[in-house]
Amino acid sequence: MEARPRSFYFLAAFFVLFLIFLYGPTITIAILSFQGPQGGLTFPMRGVSLHWFHELFQQQAVGDIWGSFARSFVLGLMVMVTTVVVSVMGGLAFRKRFPGSAVIFYLIITSLVIPSILISLGVGLIFSQSGLTVHWSTSGFGSQLTWTLPFGLLIMFAVFNRFDKSYEEAARDQGASAWQTIWHVVLPIIAPMLIGVALFGFTLSYDEFARTLLTAGSYNTLPLEIFGMTTNVTTPVIFALGTLTTGFSLIIIAVFLITVLVLNRRRARLGSDAGKGMV
Amino acid sequence: MSAKSALELIKLTKRYGDTVAVEAIDQTIPNGTYACLLGPSGCGKSSTLRMIAGHETVSSGDILQNSLNITDLPPARRGTAMMFQSYALFPHLSVVDNVAFSLKMKGVDKKTRQAEARQLLELVDMAPYGDRLPTQLSGGQQQRVALARALITKPSILLLDEPLSALDPFLRIRMRTELKRLQRELGISFIHVTHSQDEALALADHIIVMNGGRIEQDGPPQTVFDAPRTEFVARFIGGHNILGETHGKMAVRTDRMSILQDQPEGQAMPATVRAVEYLGTMVNVTVEAPDAGELTVSVGDTAFFAKPVEIGQSVFLKWKPEHAHSLAA
């Protein structure tokens, strides 16, 4: 094997430090969530148990964990679907320059640079001032979209930048209407990227804090609930909650990845000669 | 069919902003013709093809197909089908579904459209690959599928945008033969855009040489090659030496010139051999003449090796006056 230069070891050590910095807290919380029944919020571990996970499913003194989880989940799905639909339509619209397209583009991007908490404050104020109920599914939903839509749109820009226009011309040449072209050609081709946008939309919403802080109304989403609990709860149950939600996020990502994988497999299998019955 | 069963372009013009890509071209292509639009890149040949296909709007002028004005019709209602340079096979559909796509759009049921698609695949020798995805095919195979997909719409004109440029040289020549065979069997018009004069000469019944958005010359390949109308055509189609004479420019085919080692009787052009290029059946001798600059003479290999010339040698060029062909300014 070739001898590594000294810089390799230096950079490798630096990278390991970075990884520890990145995942250390999460791993620490994961370890502490298995604290024994007598254990506290910090090391040392007093035995190992699933006690705090069990506790999580009991009635809590403070915090509506499962209620807030359900709200976050539903909100995540709402944001996900809206982000995908609007980003695709926006991406299609921006493929051609139209009057005012540059202005609209900058307006959209602006909401990415405005501090989240200001948007939260603004949306919350508008809702309460105009007599609308501040609720996670209305003001909270809208406030989160100011974050996910620009991102989704930027992804779609990248997607359509690489999209070969001759696919659409070929479809039109073959007699497809504009709708048929979108439905039978454009959407299937960009489908894997749409899964990415969906995943993005969901996870951004699921862990959004600042934008929902002043727009969720009386019912908290999960991140807000967890934040509330950190100031009140003094047992490792909060670590168990952290571990569980992290696990949940990983599962969501895995589900999306597996979906992509299965889609690709199915396409590949279509083409292989193995096990080909006469059609 | 009416007496005028042909594609007609009338003062067809394409402008992009201030630039004119195609400038008021007139052209008639009778049905059943293999026509080649030939020219360097940017000459307007692709724009012309895309206007005929309906993928590019016409700035002014008209396109008639069998006396019917199709200028503003959508692509699928023109009786044309296009084969794209990149083939544009739908990557998410199997070969059969790609070919059956137009039938699916028309609402033909699955069994019928797949059966028909398989017939077309048979025609292009791709029957065993029906269940594959386009990415699992070679370039040549993809092209056959693209051909089948275009032909399933039963077009009266097939439009091909540089169909052979993505293939390796060996395959290019094979597909060339096959395109010609298909066109003859189907009896429909092919309009083939290319920048390769070899391709155009080999395939076309009718060559249309374009330059700067205009048609420089059109006609049967033999006429275009033998009697190029302008200096541009003579240079682009190749195989010609351009000589500047007192009464205008002349073109002489490189194989109509002969190299003599000793000064002959009568008129002959003195020159010096600069390069010798052996091409198998022919040998191209590049010479420099004080009066005409660099010229090429193509000599048959037998004739050349019977009396070879060497680089640096002084020679004399001779040709018959009837082989010198005057060019339009």
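The values are calculated or read from the model by the stated rules, or taken from the named source; none is laboratory data. It should be emphasised that the depicted structure is a prediction, and the values quoted were computed from it without experimental measurement. Glycine gets a Cβ as well: all are built from the backbone with ideal geometry, and neighbour counts include every protein chain shown. Each accessible area value is taken on the protein alone, full model and side chains, heavy atoms only, with ligands, DNA and RNA left out. Shrake-Rupley method; radii C 1.70, N 1.55, O 1.52, S 1.80 Å.
In table form, for the structure just shown:
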| quantity | calculated |
| --- | --- |
| Antiparallel %, DSSP beta bridges [both residues in the protein assembly as shown], to 5 | 75 |
| Set of lysines with alpha-carbon distance to A:K96 below 17 Å, sequence-local pairs under 8 removed | A:K165 |
| Chain B: relative contact order in percent, alpha carbon pairs under 8 Å with at least 6 residues between | 17 |
| Under 5 Å, built H, 5+ apart or other chain: amide partners of B:R214 | B:E23 |
| Max mean-square fluctuation residue, GNM over chain A, Cα-Cα springs under 10 Å, options A:S218, A:S177, A:S49 | A:S177 |
| Among B:A292, B:A204, B:A81: highest mean-square fluctuation, GNM of chain B, C-alpha pairs under 10 Å | B:A292 |
| Chain A, accessible surface, carbon-and-sulfur percent (1.4 angstrom probe) | 72 |
| Segment A:T110-A:N264, extension gain: residue separation times 0.36 nm, minus the distance between their alpha carbons | 51.8 nm |
| Accessible-area ranking of A:H184, B:H192, B:H92, largest first, probe 1.4 Å | A:H184, B:H92, B:H192 |
| Only Lys, Arg (+1) and Asp, Glu (-1) charged, at Cβ; segment A:62-233 dipole about Cα centre in debye | 380 |
| Segment A:62-233, relative contact order [Cα under 8 Å, separation at least 6], % | 46 |
| Antiparallel bridge percentage (DSSP; both residues within chain B; nearest 5) | 70 |
| 0 to 90° range, to nearest 10: angle between helix A:187-206 axis and chain A longest Cα axis | 20 |
| Calculated from backbone phi, Karplus (6.51, -1.76, 1.60) coupling profile of segment B:222-229 in Hz, x at Gly/Pro | 4, 5, 5, 6, 6, 10, x, 7 |
| Partners for B:K11 among lysines (Cα-Cα distance below 22 Å; same-chain residues under 8 apart left out) | B:K45 |
| Calculated from backbone phi, Karplus (6.51, -1.76, 1.60) coupling profile of segment A:231-238 in Hz, x at Gly/Pro | 7, 10, 7, 10, 10, x, 4, 5 |
| Over 25 Å between alpha carbons, listed pairs B:K111/B:K154; B:K249/B:K318; B:K111/B:K180 | B:K111/B:K180 |
| Sequence-distant aspartates and glutamates (8 or more away, or on other chains) whose Cα lies within less than 16 Å of B:K14 | B:E23, B:D26, B:E56, B:D62, B:D72 |
| Fluctuation leader among A:E225, A:E208, A:E168 - chain A, Gaussian network, Cα springs under 10 angstrom | A:E168 |
| For B:L327, distant residues with modelled amide H under 5 Å away | B:K249, B:M250, B:A251 |
| Surface accessible to a 1.4 Å probe, B:K104 within the full protein complex, Å² | 80 |
